[in-house]
Every structure is written in C-alpha cells, then in structure tokens.
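Scroll down for the structure; my scribbles are underneath it.
The numbers here are math on the coordinates, done by the rules we state, and not lab data. Quantities reported herein were computed from a predicted structural model and do not represent experimental measurements. When we count neighbours, we look across all protein chains shown, and the Cβ atoms used for this are built from the backbone with ideal geometry, even at glycine.
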Amino acid sequence: MEPVVALTNVRFAYGKHEVLEGVSLDVAEGELVVLLGPNGAGKSTLIEQIVGTKRPHAGTVRVLGADPARPDDAWLGRIGVVAQHSRDRGMWNLRMFLSWVGAHYRALGRDVLSPEVAADRVGLGDQLTQRLGQLSGGERRRADLAAALIGVPDLLVLDEPTTGLDPVVKAQVHDVLADEIDRGATIVMTSHDMGEAQRIAQRVVVLSSGRILFDGTPARLRERVGAHAEVTWVDQERRYVHATADPEAFIRSLDLSQVRNLEVTRPNLEDAYIDLLSRQGDDHE
C-alpha cells in the first residue's frame with residue numbers, strides 16, 4: 001500500500017541556508033506521527049512540504065498519492081490543516097467561520113460536520129457566537145482544529161496544535177486525535193511538548209539542523225540512548241541510588257526486609273530527547 005505521506009531526499013533552502021538536508025519520510029495510513037526538534041530544526045518547513053505551500057528544491061513529495069504542490073479538488077478535500085499561526089478573521093464569530101470552512105469542503109465533494117458538532121468536539125460548543133478576535137489564544141487554536149476536522153479529512157497536518165492549551169483542554173484534544181486515528185485518519189503533527197509526544201505518538205521523528213536524527217517509537221528512542229532507570233531506597237537510615245537498565249532484576253537482588261521507601265524512576269521521552277540532541281552536538285565538535 002502506498003504511504004499517505006512519502007518524502008524522498010527532500011532539500012529546501014532559504015538562500016544559502018539549507019533548512020532540509022535530504023529528508024526522507026514515509027507515513028502509513030492510520031499512523032499518528034509527532035515531529036520533534038528544536039526551533040529552526042526544519043519542522044514547520046517539512047509541514048509546508050506536506051501541505052504543498054512550499055515546493056522542494058530537490059527530492060520528491062507525494063501526499064495522498066499526488067504532488068501536494070499541484071492539488072486538485074479531490075485532494076484538497078481530503079486534508080485538514082492547522083497552521084502554526086491563525087489567519088486573521090477576528091470579526092467573524094465562530095459559527096460563521098466554521099460554516100464558511102464547511103461550505104469550502106462541501107464544494108469539494110466532502111460530507112461535513114455541522115458547526116455545532118465541530119465546535120463541540122474541541123470543547124467550544126458554548127462559544128459559537130463569540131468573535132474569533134475575542135477568543136483566547138488557546139481557544140483560537142481549538143477553533144482552528146475544529147475547522148481542520150469539519151471536512152472529516154483522511155489526513156490531518158497540525159503544526160503545534162496544542163500551543164497555549166491548559167493541561168485539561170490539551171488532554172481533551174488528545175482524545176479527539178485518538179478518535180480521528182480510530183476512524184482511520186492519518187495525523188502528522190509538530191510539538192515541543194515531550195509529555196504530549198510520549199502520550200499520543202505512535203512514532204516520533206526528531207529533526208535537528210534539517211536532518212532526521214531518529215525515527216521510531218517513543219520507547220525505542222528511550223532504549224536507543226541507553227537511558228537507565230534509577231532505583232532509590234533507604235537501608236538502615238542511609239539513602240541509596242542505583243542506575244540500572246534492569247530495575248526489576250536489581251530489586252530482586254536487594255534484601256527487601258531491610259529496605260524502606262523503595263522507588264523506581266524510569267527515563268522519560270524528554271530525557272532521551274535531550275540526550276540525543278546533546279550527542280548530536282558532540283558529534284559536530
């Protein structure tokens with residue numbers, strides 16, 4: 001089966017500054033892939049290649065079986081996008097905005113959600129009469145997500161969709177994305193939130209300086225950098241700390257009758273991500 005997203009040796013530069021240096025990436029149907037990387041790594045430029053707003057200077061991009069820089073109506077109807085920055089339609093209320101987006105998708109031959117359903121899915125059901133310019137930053141991000149969902153797209157491309165959301169609302173958005181995957185959609189998104197990536201990503205792709213440093217599951221990234229768990233305990237009023245790749249085996253070696261306050265702290269995705277980037281820096285010294 002052809003990948004939903006297929007980039008092969010993609011290069012893109014602003015003048016002499018190469019933003020993408022031979023990036024190759026395939027995303028299969030039904031995957032949720034999170035792009036990670038520091039500012040300037042090339043994440044947003046990669047998103048622009050996928051949605052067709054920028055063309056590669058070298059290499060090829062295929063999305064939903066077509067060149068995204070030459071889309072037809074059928075292709076446009078199959079993709080939902082949340083850009084990094086909201087477009088300014090501040091005088092419209094949310095219902096007008098979602099109705100306008102829905103009419104666009106309907107004209108492309110898609111079945112669409114009603115404004116009420118789309119707004120309710122992102123927790124804005126009581127904000128339909130509110131002007132976009134009066135929404136908070138987090139509410140505006142959710143309005144943009146509702147617009148991306150309204151055409152029931154096959155592919156969602158989301159550039160930092162949860163920026164500015166509080167933890168409760170962010171968790172609700174994660175549930176929405178999980179529902180989209182369950183119905184068969186494919187999602188490619190960027191994030192700076194390692195906790196978010198660890199919770200929802202099937203794959204993480206780490207970019208730095210325009211190159212892919214890692215592509216795999218969050219668990220595989222933690223394993224690859226060799227991050228160990230820490231076991232801490234108290235024995236006869238003395239506190240001990242031990243790093244180990246196999247905390248269960250180490251705990252079995254302890255005399256548990258003498259141990260108090262036993263804790264195991266496992267490395268998280270952020271630990272592994274920082275370690276990976278620091279190693280990359282070492283490689284270039």
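General observations
- Based on Cα contacts under 8 Å between residues 6+ apart, the chain shows a relative contact order of 20 percent.
- Chain lengthening between A74 and R279 when straightened (0.36 nm per residue, less Cα-Cα): 69.4 nm
- Scalar couplings 3J(HN,Hα) for the range 9-25, obtained by applying the Karplus form with A = 6.51, B = -1.76, C = 1.60 to θ = phi - 60°, are 6, 7, 10, 8, 9, 9, x, 8, 8, 7, 8, 10, 10, x, 7, 10, 7 Hz; x denotes Gly and Pro.
- Gain upon complete extension [H174, D246; 0.36 nm per residue less C-alpha separation]: 22.8 nm
- Over the range 222-283, relative contact order from alpha-carbon pairs under 8 Å, at least 6 apart, %: 41 percent
- Built amide H within the under 5 Å cut-off of L36, gap 5+: V205, V206, L207
- Whole-Hz ³J(HN,Hα) from phi, Karplus 6.51 cos²θ - 1.76 cosθ + 1.60, for the range 100-112, glycine and proline x: 5, 5, x, 5, 4, 5, 4, 5, 8, x, 9, 6, 10
- Here the Karplus curve 6.51 cos²θ - 1.76 cosθ + 1.60, taken at θ = phi - 60°, turns the phi angles of the range 155-163 into couplings of 10, 10, 10, 10, 9, 6, x, 9, 4 Hz, with x standing for Gly and Pro.
- Residues L276, L269 in ascending order of nearby Cβ atoms (within 10 Å, fewest first): L276, L269.
- Peptides 147-154, 69-76 ranked from most to least packed give 147-154, 69-76, packing being the mean of other C-beta atoms within 10 angstrom over each peptide's residues.
- Rounded to the nearest 20 debye, dipole of the chain from Cβ charges on Lys, Arg, Asp, Glu: 780 debye
- Computed E for D120/H192 - FRET, C-beta separation, R0 22 angstrom, nearest 0.05: 0.20
- Residues whose amide H falls under 5 Å from that of G80, counting only those 5 or more places apart or on a different chain, are L155, L156, V157, with hydrogens built in the peptide plane.
- Helical content alone sets the calculated 222 nm signal of the chain at -10000 deg cm²/dmol, taking -39,500 (n - 2.57) per DSSP H segment of four or more residues and averaging over every residue.
- Inter-centroid distance (Cα atoms) of the range 188-234 relative to the range 237-266, Å: 25 Å
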